[in-house]
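Note sheet for the following structure.
The values are calculated or read from the model by the stated rules, or taken from the named source; none is laboratory data. These figures come from a predicted structure and were not determined experimentally. In this analysis, Cβ positions are derived from the backbone assuming ideal geometry, glycine residues included, and neighbour counts consider all displayed protein chains.
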Amino acid sequence: MSDRVSVAKTYKLYIGGAFPRSESGRVYAVTDSRGGFLANAAQASRKDARDAVAAARKAFPGWSGATAYNRGQVLYRVAELLEGRREQFVREVAASEGVKHAESVVNAAIDRWVWYAGWTDKVATVLGASNPVAGPYFSFSVPEPTGVVAALAPQSSSLLGLVSVVAPVIATGNTCVVVSSQNRPLPAITLSEVLATSDVPGGVVNVLTGRTGELAPWLASHADVNALDLTGAPESIRAELERAAAGTVKRVSRAGRGGEPDWTREPGVDRLRAVLETKTVWHPMGV
Amino acid sequence: MSGEPMSWEYAPAPESRDIANLKPAYRMFVDGKFVDGTGEPLKTINPATEEVLAEVATASKADIDTAVRAARRAYDKVWGRMPGAERAKYVFRIARLIQERTRELAVLESLDNGKPIKESRDVDVPTAAAHFFYHAGWADKLGHAGYGPNPRPLGVAGQVIPWNFPLLMAAWKIAPALACGNTVVLKPAETTPLTALVLAEICQQADLPAGVVNILPGAGDVGAELVNHAGVDKVAFTGSTEVGKLIQRSLAGTGKKLTLELGGKAANIVFDDAPLDQAVEGIVNGIFFNQGHVCCAGSRLLVQESVADELLAKLRYRVSTLRLGDPLDKNTDVGAINSKAQLDKIRELTESGDSEGAQKWTSPCPMPDKGFFFAPTVFSDVQQSMRIAREEIFGPVLSVLTFRTPEEAVAKANNTPYGLSAGIWTEKGSRILWTAQRMRAGVVWANTFNRFDPTAPFGGYQESGFGREGGRAGLEAYLDV
Amino acid sequence: MATPAATELSEVTRDDASLRRFLHGLPGVDQVGVEQRAAGLGTRSIKKAAKLFAIDTAISMVDLTTLEGADTPGKVRTLAAKARRPDPDYPDVPHVGAVCVYPDLVEVAVTALAGSGVGVASVATAFPSGRSNLGVKLADTEMAVHAGASEIDMVIDRGAFLSGRYGRVFDEIVAVKAACGDAHLKVILETGELSTYDNVRRASWLALLAGGDFIKTSTGKVTPAATLPVTHVMLQAVRDWWERTGQLRGVKPAGGIRTTKDAIRYLVAVHEVAGPEWLSPELFRFGASSLLNDLLMQRRAQIEGHYSGPDYVTVD
């Protein structure tokens, strides 16, 4: 083709809709599956995690207050944009994961956004209820987002796994701080670029790259985090993270215990339910 | 005629204590039999008189192990395999037996707990029966509950319940567990073990297979031992946020499924267009029902400034008509505080309200000479920063704060680590829905308060716990999903 | 001297629009809430001396009523005798509050009750429908007053009320009040036709603003007549009125109260919703006929220690 020297990308964090470097100034080398250098990724610090939680909290009222129809369209738009950058993702996933079938993985990731986009305005129908209480009251229960969710993305599946973790969190109106796969962070940052140019408001998804074991305890103990998804947590620190989460009674999703799930299977509603609260409302019926 | 108001003293109308069939000693219930515990027996007292009611066996570590093994056997051999339709019939039987023994259970509950007989009779016991009746019907319909075609039970549930609604909390725990096919080891609260042990008797009368339900009285150490027992698959706890955190911490890494129903500091928001007289009733019900020993009590009254004076005047008059005294008297509205320790805690927090500058008003009701009683108390001029606005008092003490705009009401209501319940009083429908949507709380009562029903999921946001009890949503806690 | 509150209240009656603003500005009444409160308070268990006190108090509050087309002087005299001495075997039984009759029989009642302390109440104003012109209603009232009635039970124009012509209802009550002279005025709201508790509250305030000494639930000719929750709303209104103006006004539930148990539930409501001040025949009455005999039977049961029977009280 040509001898042109390509422009190399600087991989940064994604916080509050912006792409800052780590406040710590640290980076770490990311290699491909054969050990070849790919890029330097920002190595986020606890302060970056703190900023990401603050950004997620700030974005929560607007995102949770958006209509389900609107959120559905926003998620679908992510799929559209992802489709447009399909080849870039295929290259990155192939490099990161060393898989032969990167294309099918990317296809599945795109389709997963579509799947969850369709859930935004159905989950309340499926998980909500009108309660036939024994009295002159109208009582109903609606699922509501739990708030700010800290998610540890799976370590192996750098894109499909990541999407499978993030999409249900934001489909339900939560905002998210996600720690990408430690050794395979590049698709996560490229996904951030998609999110930044899509209609997902800044702060709804915040992506940290770096050492999972360093960042996770700060997120697990952060008092303004409502739920913790341990999917990508190393076995060695899972119990410690659960203990830290108990400090403010966080909802802890223990997915990924004993190995990474098979991301190609249809997810079901488990991940939606895990980040939803049930709110029951009562009102008397009278004249 | 004379201008002097006539004085109408209601004569005592006590429910007969004999109805409770109180026994001098109660034993624990393990593997279908009442057995002596090897723990140090406890003495449960009547908080209204400070007299000992009965001696109650408690469980040792070995007893807990025996009970968990019995529950495991029952799960493996009988209950876990039984068709749902058959399980249902046992649970229905329990519901019916509770209904038949309502009066006995109500009197016993009031004796042991100190709550007014009208509440144990009209709320606790009927609602307990309703929970069994409701969940019984689920046992053979779990495939329709939205958790897949054949959701499986978890196994052995270790359940620890509080002293504020002893029988009702046992029902909230046991009924869904059994309906879903789990077996149960339940620890009632140290100060209120009696009705749970009568419930054990009811399980016997219902011919429930041995080991399906086991009841182990004891203090906190028994609870800790139970939830940490390796043979327990699922833990359900209702109680303080402090203990809830300890349990969540201690279960970390074990993979045991956990649900927590913890404390609260609910805001009861009264807008200027509220139906004021019913709002007053709701406020009274919200904080003085069960002496305020209610995790979802409306302990923070947020009233719009423009109606604050009028509302407070009405509220004080209404509170002054509350009749405090003998829990067995059918006319008692406010009974005894459950324990000396709780009374001390209420006193301590009330003193902090005084010292932090809130205005205290106390009902002029006559106080009994003995027993643990605390007169209904209303603090006005309370600020967000005061302890009485932030900490759960778990007693008949209301903190009144004011607000100017709906936004301010919402901000103040949500400004707490808790999130169990909230109240909204306004005649404007759209404002109800607007406010309800913004409440970070698991139960929102609009123009009512403290309503409970087995069909309506109950549970908290944030530090008020996780998981729901009641309704379809409540089944999740007892299914392997 | 007019208090600031009274001045403020006189402003609200200036015209239809002011009245409407005021009445519609009153706090709403939540049906489920008030019914629950009434049912809850209805579970009070009144025993022994408290029950005896309640029975005697209730007897003293009965407006012993006969409002039939078949009424005769003889029937009224029978009732008057019962009113004076409800239980011949127990002279300590208090006399009832009043005897309530149609205007043409007032004179008979006044004569029969002379010196007894029992009031004579007369319905008036085209009772029970109120469907006539003001001239007829005032003539009706004046006839009863002239014949010696000490209490007038008027009906409001429900049609006018329901169509929002509050000024018309107000003016009519004011006019009847003026025609009453020294007689006390009870204003019948006919709550069974008002449909909502919000309307009951508004009508209560309208009657109080217009000078009614009592607000009364019903004529007894419409179903439902008196109910506990309606009475709660009205008791709340007189308490609120007292809080605002310092004036004590009365409440009279009428129709459908037949048993001692019912009467005691009402008295508990009087005691706890309005306050102990209202536990007096000057501020609370029962419009009833068969209630009295049940009160007497229950009174005997309390005193004699065994249940009584209908042959031991007089059928009048």
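The set of residues from the stretch C:33-70 being facing chain B (nearest Cβ under 9 Å) and part of a helix (DSSP H, G or I) comprises C:33, C:34, C:36, C:37, C:40, C:48, C:49, C:50, C:51, C:53, C:54, C:57.
Within the stretch B:32-76, the set of residues being among the polar types (S, T, N, Q) and touching a residue at least 40 places away in the same chain (Cβ under 8 Å) comprises B:44, B:46, B:49, B:58. On the phi > 0 side of the Ramachandran plot and surrounded by 16 or more Cβ atoms within 10 Å (Cβ to Cβ) - does that describe any residue in the stretch C:104-113? Checked the stretch C:104-113: no residue is on the phi > 0 side of the Ramachandran plot and surrounded by 16 or more Cβ atoms within 10 Å (Cβ to Cβ).
Of all residue pairs spaced 6 or more apart or on separate chains, those with beta-carbon atoms under 7 Å, a first member in the stretch C:12-31 that is more than 16 Å from residue B:279 (Cα to Cα) and a second member that is among the small types (Gly, Ala, Ser) and assigned to a helix (DSSP H, G or I) are C:12/C:18; C:15/C:167; C:16/C:167; C:19/C:167.
Of all the residues in the stretch C:248-287, those that are assigned to a loop (DSSP other than H, G, I, E, B) and of a type in the set (Asp, Glu) number 1.
In the stretch B:398-433, of all residues being aromatic (Phe, Trp, Tyr) and more than 20 Å from residue B:263 (Cβ to Cβ), the one that is nearest to the chain's Cα centre (by Cα) corresponds to B:425. Being over 28 Å from residue A:168 (Cβ atoms), out of contact with any helix residue (DSSP H, G or I) (no Cβ under 6 Å at 6 or more places or on another chain) and at pLDDT 95 or above is true for just one of A:56, A:52, A:29. Which residue is that? Result: A:29 is the single residue among A:56, A:52, A:29 that is over 28 Å from residue A:168 (Cβ atoms), out of contact with any helix residue (DSSP H, G or I) (no Cβ under 6 Å at 6 or more places or on another chain) and at pLDDT 95 or above.
Listed here are the residues, each with its yes/no results for (1) assigned to a helix (DSSP H, G or I); (2) surrounded by fewer than 20 Cβ atoms within 10 Å (Cβ to Cβ); (3) within 14 Å of another protein chain (Cβ to nearest Cβ); (4) not charged (D, E, K, R).
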{"position": "A:62", "(1), (2), (3), (4)": "yes, yes, yes, yes"}
{"position": "A:73", "(1), (2), (3), (4)": "yes, yes, no, yes"}
{"position": "A:109", "(1), (2), (3), (4)": "yes, no, no, yes"}
{"position": "A:114", "(1), (2), (3), (4)": "yes, yes, no, yes"}
{"position": "A:126", "(1), (2), (3), (4)": "yes, yes, yes, yes"}
{"position": "A:134", "(1), (2), (3), (4)": "no, yes, yes, yes"}
{"position": "A:139", "(1), (2), (3), (4)": "no, no, yes, yes"}
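Yes/no matrix, rows are residues, columns are (1) under 18 Å from residue B:96 (Cα atoms); (2) within 14 Å of chain A (Cβ to nearest Cβ):
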| residue | (1), (2) |
| --- | --- |
| B:182 | no, no |
| B:191 | no, no |
| B:200 | yes, no |
| B:213 | yes, no |
| B:224 | no, no |
| B:232 | no, no |
| B:235 | no, yes |
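For the stretch B:77-88, the criterion of being among the hydrophobic types (A, V, I, L, M, F, W, C), touching a residue at least 24 places away in the same chain (Cβ under 8 Å), surrounded by 17 or more Cβ atoms within 10 Å (Cβ to Cβ) and farther than 21 Å from residue B:233 by Cβ is met by at least one residue.
Every condition in (1) in contact with a Cys (Cβ under 9 Å, 6 or more places away or on another chain); (2) farther than 17 Å from residue A:44 by Cβ; (3) within 14 Å of chain B (Cβ to nearest Cβ) is met by residue A:148 except one, and the failing one is (2).
Listed by position, the strands (runs of 3 or more DSSP E) enclosed by the stretch A:205-287 that each have at least 1 residues that are at pLDDT 95 or above and more than 12 Å from chain B (Cβ to nearest Cβ) are A:205-208, A:227-229. Taking the stretch B:299-319 as the range and being under 16 Å from residue C:37 (Cβ atoms) and either assigned to a loop (DSSP other than H, G, I, E, B) or hydroxyl-bearing (Ser, Thr, Tyr) (or both) as the test, only B:317 passes.
Scanning the stretch A:256-270 for residues that are in contact (Cβ under 8 Å) with a residue 40 or more places away in the chain and either within 22 Å of residue B:249 (Cα to Cα) or surrounded by 23 or more Cβ atoms within 10 Å (Cβ to Cβ) (or both) yields a single hit, A:256. Counting residues in the stretch B:434-445 that are under 22 Å from the mean Cα position of the chain (by Cα), without any contact (Cβ under 8 Å) to a residue 24 or more places away in the chain and under 29 Å from residue B:113 (Cβ atoms) gives one or more. Scanning the stretch B:467-481 for residues that are over 16 Å from the mean Cα position of the chain (by Cα), at the interface with another protein chain (Cβ under 8 Å from one of its Cβ atoms) and on the phi < 0 side of the Ramachandran plot yields B:472, B:473, B:476, B:481. If you go through the stretch B:261-289 and pick out every residue that is touching a residue at least 40 places away in the same chain (Cβ under 8 Å), assigned to a helix (DSSP H, G or I) and either surrounded by fewer than 24 Cβ atoms within 10 Å (Cβ to Cβ) or within 13 Å of another protein chain (Cβ to nearest Cβ) (or both), you end up with 8.
If you take the residues in the stretch B:442-455 that are under 30 Å from residue B:405 (Cβ atoms) and at the interface with chain A (Cβ under 7 Å from one of its Cβ atoms), which one is surrounded by the most Cβ atoms within 10 Å (Cβ to Cβ)? Only one residue fits best here, namely B:443. When each of C:103, C:86 is tested for being at pLDDT 95 or above, under 22 Å from residue C:145 (Cβ atoms) and not hydrophobic (A, V, I, L, M, F, W, C), the lone residue that passes is C:103. Among the residues of the stretch C:73-81, is any closer than 28 Å to residue C:174 by Cβ and touching a residue at least 40 places away in the same chain (Cβ under 8 Å)? Scanning the stretch C:73-81, I find no residue that is closer than 28 Å to residue C:174 by Cβ and touching a residue at least 40 places away in the same chain (Cβ under 8 Å), so the answer is no. Among residues of the stretch C:262-275 that are facing chain B (nearest Cβ under 8 Å) and modelled with pLDDT of 95 or more, those with a beta-carbon under 6 Å from a residue that is buried (at least 21 other Cβ atoms within 10 Å of the Cβ) and part of a helix (DSSP H, G or I) at least six positions away or on a different chain give the pairs C:267/C:54. Within the stretch C:51-70, the only residue that satisfies the criterion of being without any contact (Cβ under 8 Å) to a residue 12 or more places away in the chain and crowded, with 19+ Cβ neighbours inside 10 Å is C:53. Note on the stretch C:201-245: residues that are in contact with a strand residue (DSSP E or B) (Cβ under 9 Å, 6 or more places away or on another chain) and β-branched (Val, Ile, Thr) total 5. Looking across the stretch B:14-56, just one residue is under 26 Å from residue B:330 (Cα atoms), touching a Ser or Thr at 6+ places or on another chain (Cβ under 9 Å) and charged (D, E, K, R), and that is B:15.
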